[in-house]
Amino acid sequence: MSGTSPTDDYTESGLRVDQPEHEAAGITAVAVAMKRSLSRMGVIRTAKTLLKLNQTEGFDCMGCAWPDPDPGHRHPAEFCENGAKAVAEEATTTRATPEFFAQHSIAELNQRTEHWLGQQGRITDPMIKRPGASHYEKLEWSEAFSLIGATLNGSGENAVAGPDEAIFYTSGRASNEAAFAYQLFARAYGTNNLPDCSNMCHESTSIALQESIGIGKASVSLEDVHQAELIILAGQNPGTNHPRMLSALEIAKQNGAKILSINPLREAGLTRFKNPQTPRGLIGGGTALSDLHLPIKLNGDLALLQAIGSLLVQWDCLDHDFIATYTNGFESWKQHVSEVDWDVVTETTGLSRVLITQAAQMFRESKATVFCWAMGITQHRNAVATIKEITNLALAQGNIGKPGAGLLPVRGHSNVQGDRTMGIWERSPAHFLDALQKEFDFDPPREHGFDTVDSIRALRDGKAHFFLGLGGNFVQAVPDTDVVVEAMQQAKMTVHISTKLNRSHLVCGDTAMILPTRGRTEKDIQASGAQWISVEDSTCAVHSSRGPLEPAGPNLKSEVEIITLIAQATIGDRYGIDWQAMRENYTAIRTHISRVVPGCESYEVNVRRPGGFILPHPPRDSRTFETPSGLAEFVCSPIEVLQVPPGHLILQTLRSHDQFNTTIYGLSDRYRGIEGGRMVIFMHREDVIALGFRNGELVDIITHWDDDRERCAAGFRIVEYDTPRGSAAAYYPETNPLVPLDSTAIASNCPTSKSIIVRLAKHPVDPREESEINGGGQRRTGADWDHKTTPEPHHLS
């Protein structure tokens, strides 16, 4: 069965702006999920996949890393709207065959939108763009592995000079088994160049928590969220990015919890949840979520947290026993926050002292607080300091290592945390490398490799010449798109292990390959029989996953299969590593994992249990902190105010409700009232007027960096929205060209995609087309925008 892919691309002429919504999910979410699933997969495949999604004997959703309920408490429909969309994208019946690539040149495909590329379906065969060619052509697997091996071994026209000229990138959806084999191959080859998508999202979390509490992971379970008295939602949008989290928040509310949300935009998923699993959610009013919302200015979080800390110190709402027993540095922190400058706080946050005091009172009244955060916290210059300040507040009130309390960085990719656990890290600790050495009898390289940003610099500067991507859409996901395109095009060889076509396949090295892999929805049969994989969620829970569908084509290979065959072609039997055994039976990989990865002893047995097992977490389990002092560390950080020149705004990039990272499912961001387009910039009405523009006007967004390179994203429609003065928002990846490569977080090198200082300029267009917008096929003039198309600002209650 093969579906039909679209031939026509979309244009922004269909853009329509309506009132933003004030509630998430409900019957509309069910309808959208079913419509997308049936249109992409058909009735039978929809039933086969969705009824197995997030079930104990089914497969893990690739759409987020939110933890599953205990096996006995799962619904038959244990998925959300965006989870259903993610499955439909992978299990689609449309196919991108060799004939498709023969019909379309690379240059032609590069003119298409990311949405159109993704709708062409699953890639069925290995493809290659040979030097000087204009098209991809079909490639035999054997030649693919031979060419890669020759390049990495320093022979042939694309040869690299040594292991450190190769980049091995990993997307967060790779399985634990694939990730372990991948890092083993890279290190046996001789490099720690293992950048991953965590470098672009939660790297600031990993660094901050490692230094503060000794481990860069969440210290809570799903049950802790249910039992919390107070839940902080900072810099995240659960309604779009982790919709199953809404069910946990509803349970917490029913148990008496209060929720404090901190975000520039008051998203629908922070306001009210209409649970489609309940009559109240389908036909009733649903559940109100946030008890207090703080519409904070971009980059104001550090100042806010220190102000709250100062009030807790002033009120003596502290856990002195916990502080004395388990922490270091409290007195310095106490003195630091006691001297906070409230004028700086109110200016930086855009919040009144009265409102901040209300928030602090919620902390004072709670005996068990869970702190949740995501990209709105991690992608700033001061992100590491901000996360340490979150940790300071948790330590001050003893909210680590007790029921209903703790730190919860909410991971956005389905196994990004598991990949890191399995060794996907450019700077793995010595104990992990020592364990590899003991298990495989070779000495892994000890020098740190390139992270994501440094990999781009290495490709740009001619220090790296080979790129292998295990999943993902590297070119569109990373910052400074134009720089990245130039860098990738200088590579001698680029290789992507992928399920579907994306922009990265069209930004080619001298030789470029696409190696099609099976997806998580599909069966994986190897020489020893049916295989299964394992993944780790945001709360350190590891469990199995097995797909129910036949593969999208007979010529697909699994990720593990592709990785081990590349390894064999490159390093052969060097060190005696049995790549064939790992390929034929994934139990062999899990046996290695059990002897290398801390906490994974008896891995095969434990992960087979219904619901899997929980990895150890010393702060959570025993209030033990593996820091140099042996104690949890209070850290003092200065409040550094982001200096914004007159006539400029701070821009944050964000997802639409109809996308997952760079995968564009569709053109409906209904929670924010945007339909039929993506090229919009959300701004406060007074900013629009003060900068001399009109609501609905087309503008170019421009940023300037220290490298004297002016960056521009052109043709964005102004949409008045309820956001703090001076703060604006627009979708990525369209705005990724604005993020300077060298604008990164201190200590983590994470791109500052939530702190881009920009100015706007009128977009030069034909006046007849200036305000073309389709509201049922109608053209509207600029004046119509002010009165008919754009809503009044969304005033907060």
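The values are calculated or read from the model by the stated rules, or taken from the named source; none is laboratory data. Keep in mind that what you see is a predicted model, and the values were worked out from it rather than measured. When we count neighbours, we look across all protein chains shown, and the Cβ atoms used for this are built from the backbone with ideal geometry, even at glycine. Please note that ligands, DNA and RNA were not included when accessible areas were found on the heavy atoms of the full protein model with its side chains. Shrake-Rupley method; radii C 1.70, N 1.55, O 1.52, S 1.80 Å.
Considering only S498, P551, G509, and ranking their Cα positions along the charge dipole of the range 491-571 that arises from unit charges at the beta-carbon of Lys, Arg, Asp and Glu, the one farthest toward the positive end is G509. Check cross-link reach from K138 to the aspartates and glutamates: straight Cα distance under 13 Å, and skip same-chain residues fewer than eight apart. K138 reaches E99, D125. Residues in the range 280-292 carry Karplus couplings, in order, of 4, x, 7, 10, x, x, x, 10, 5, 9, 5, 7, 8 Hz; the curve used is 6.51 cos²θ - 1.76 cosθ + 1.60 with θ = phi - 60°, and Gly or Pro positions show x. For the Cα trace of the range 480-632, dividing Rg by the Kirkwood Rh returns an Rg/Rh value of 1.05. Size descriptors for the range 53-107, from the alpha-carbon set: Rg then Dmax equal 16.5, 52 Å.
Think of the range 374-523 as a dipole: +1 on every Lys or Arg Cβ, -1 on every Asp or Glu Cβ, centred on the Cα centre; then among L468, T481, V416, V416 lies furthest on the positive end.
Of the whole protein surface, L38 contributes about 80 Å² of accessible area at a 1.4 Å probe radius. Calculate, in whole percent, how much of the Cα-Cα pair population of the range 184-224 lies beyond 13 Å. Across the range 184-224, Cα pairs with separations above 13 Å total 66 percent. When only alpha carbons are used to place a centre, the range 1-32 and the range 85-136 end up 22 Å from one another. Placing +1 on the Cβ of every Lys and Arg and -1 on the Cβ of every Asp and Glu, with nothing else charged, gives the range 399-523 a dipole about its Cα centre of roughly 540 debye. Put simply, when 607-617, 172-182, 73-83, 467-477 are sorted by average Cβ atoms within 10 angstrom per residue, most first, you get 172-182, 467-477, 73-83, 607-617.
Ligands, DNA and RNA left out, the accessible area of the chain computed with a 1.4 Å probe is 50% carbon and sulfur.
For the range 162-220, the solvent-accessible area of protein heavy atoms averages 12 Å² per residue (probe radius 1.4 Å; ligands and nucleic acids excluded).
Starting from the Cα gyration tensor of the range 1-79, take the square roots of the eigenvalues, sort them a ≥ b ≥ c, and report rounded, prolate or oblate (rounded when a/c is under 1.5, otherwise prolate if a/b is larger than b/c, else oblate). Taking the square roots of the gyration eigenvalues as a ≥ b ≥ c, the range 1-79 is oblate. Across the chain, Cα-Cα distances exceeding 37 Å account for 39% of all pairs. Think of the range 221-330 as having a plus end and a minus end, set by charges on the Cβ of Lys, Arg, Asp and Glu; of L249, G281, N328, G281 sits farthest toward the positive end of this dipole. The base-10 log of I(q)/I(0) for the range 69-224, evaluated at q = 0.17 Å⁻¹, reads -1.32 [Debye formula, identical scatterers on Cα atoms, solvent excluded]. Dividing the Cα radius of gyration of the range 642-777 by its Kirkwood radius returns 0.96 for Rg/Rh. Dividing the summed -39500 (n - 2.57) terms of all DSSP H runs of n ≥ 4 by the residue count of the chain sets its mean residue ellipticity at 222 nm at -9500 deg cm²/dmol. Ordering 315-323, 419-427 by mean Cβ neighbour count within 10 Å, with the highest value first, yields 419-427, 315-323.
Evaluated at q = 0.28 Å⁻¹, a Debye calculation over the C-alpha positions of the range 479-543 (equal weights, vacuum) places log10 I(q)/I(0) at -1.15. Extension gain for A690-T587 works out to 30.8 nm (0.36 nm per residue, less the C-alpha to C-alpha distance).
Label reach from Q277 (point 7 Å along Cα→C-beta): in the range 246-267, amide nitrogens under 19 Å belong to 246-257.
Here the chain is assigned +1 on the Cβ of each Lys and Arg and -1 on the Cβ of each Asp and Glu. Its dipole about the Cα centre then comes out at about 1720 debye.
Measuring between alpha carbons in the structure, the pairs from K500/K523; K48/K523; K35/K253; K52/K523; K334/K754; K438/K463 lying more than 20 angstrom apart are K35/K253; K334/K754; K438/K463.
Which residues does the label zone of T357 cover in the range 300-341, counting backbone N under 20 Å from a point 7 Å along Cα→Cβ? Flagged as within label range: 303-318, 337-341.
Counting only Cα atoms, the size of the range 202-296 along its three principal axes is 47, 28, 21 Å, in decreasing order. Between G715 and V699, D700, I701, the built amide H atoms are under 5 Å apart, and every one of these is 5 or more places off in sequence or on another chain. The coefficient of translational diffusion for the range 593-666, derived via Stokes-Einstein from the alpha carbon Kirkwood radius under 20 °C and 1.002 mPa s, stands at 116 µm²/s.
Residue separation of E710 and V43 scaled by 0.36 nm, minus their Cα-Cα distance, works out to 235.1 nm of gained length.
One quarter of the convex hull surface built on the alpha carbon atoms of the range 256-359 amounts to 8.8 nm², the projected area averaged over directions. Amide H neighbours of I259 under 5 Å, counting only residues 5+ apart in sequence or on other chains, H built in-plane at 1.01 Å? Counting only residues 5 or more places away or on other chains, the set is I231, D291, L292. One compactness figure for the range 58-151 is 1.50, namely its Cα radius of gyration divided by 2.2 N^0.38 Å.
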